[in-house]
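Derivation of every value follows stated rules applied to the coordinates shown; laboratory data play no part. Just so it is clear, the model here is predicted, and its values are computed rather than measured. Counting neighbours? That spans all protein chains shown, and the Cβs are built from the backbone with ideal geometry, glycine included.
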Amino acid sequence: MRIAVAGDTHGRTESIRKALSLTRFDSLFFTGDYYRDGKKLASQIRVRYYGVVGNCDLSMGKTELMVKLDGYSFYITHGHKYGVKKSINSLFYRGKEVGADAVIFGHTHIPVIEMIDEMWLINPGSPSLPRSNSRCTYAVIETDNGSLKPRIIEL
């Protein structure tokens, strides 16, 4: 299974739409900040959508979501309620509390893939407004032969 992970688009979706349309995906995880962008992207590339709202969204969706796919548990949140710009500790403990195999978050616009205590922490960065000298990015998660393989893709 191949999952696209994006967020923090802030209304600028052309480059990510083009990139996602070049590869077949099964689902899109969207980490918020322009929730509607995620829904539109999923519709355009014809995949199942799992998304949360961020601090720049109106209250039109969930702030956290647990998704079980291909035997893995994914916890999706924007991250602003966990102070991820300063530390990922609170988010890490929330992931452990809900039994996640991977925590998917955004808010910082900085890509991160890190495994801590056998749990992945994945931030796709931003495909349109990167910060801290990072590039425009999104993430891909592949599940294959009993393993979860996340990676960051630069646009």
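Can you name the residue in region 20-39 that is of a type in the set (Phe, Trp, Tyr) and either more than 14 Å from the chain's Cα centre (by Cα) or outside any helix (DSSP H, G or I) (or both) and, of all such residues, is farthest from residue 141 (Cα to Cα)?
34
Is it true that some residue in region 45-64 is out of contact with any Lys or Arg (no Cβ under 8 Å at 6 or more places or on another chain), in a loop (DSSP other than H, G, I, E, B), surrounded by 18 or more Cβ atoms within 10 Å (Cβ to Cβ) and aliphatic (A, V, I, L, M)?
Yes - at least one qualifying residue is present in region 45-64.
Quick one: which of 75, 49, 34 is in contact with a Gly (Cβ under 8 Å, 6 or more places away or on another chain), within 19 Å of residue 129 (Cα to Cα) and of a type in the set (Phe, Trp, Tyr)?
Working: 75 fails: within 19 Å of residue 129 (Cα to Cα); 49 fails: within 19 Å of residue 129 (Cα to Cα).
Result: 34 is the single residue among 75, 49, 34 that is in contact with a Gly (Cβ under 8 Å, 6 or more places away or on another chain), within 19 Å of residue 129 (Cα to Cα) and of a type in the set (Phe, Trp, Tyr).
Among all residue pairs at least 6 apart or on different chains, which show Cβ distances below 7 Å where the first residue, located in region 112-136, is crowded, with 20+ Cβ neighbours inside 10 Å and the second is in a loop (DSSP other than H, G, I, E, B) and among the aromatic types (Phe, Trp, Tyr)?
123/105
Results for (1) more than 19 Å from residue 152 (Cα to Cα); (2) without any contact (Cβ under 8 Å) to a residue 24 or more places away in the chain, shown as yes or no for each residue.
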site	(1), (2)
57	yes, no
79	no, no
82	yes, yes
87	yes, yes
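Need the failing condition index for residue 27 against (1) surrounded by fewer than 17 Cβ atoms within 10 Å (Cβ to Cβ); (2) under 26 Å from residue 145 (Cβ atoms), just the number.
Residue 27 satisfies all of (1) surrounded by fewer than 17 Cβ atoms within 10 Å (Cβ to Cβ); (2) under 26 Å from residue 145 (Cβ atoms) except (1).
Anything in region 137-155 that is surrounded by 14 or more Cβ atoms within 10 Å (Cβ to Cβ) and of a type outside the set (A, V, I, L, M, F, W, C)? List them, or say none.
137, 138, 142, 143, 150
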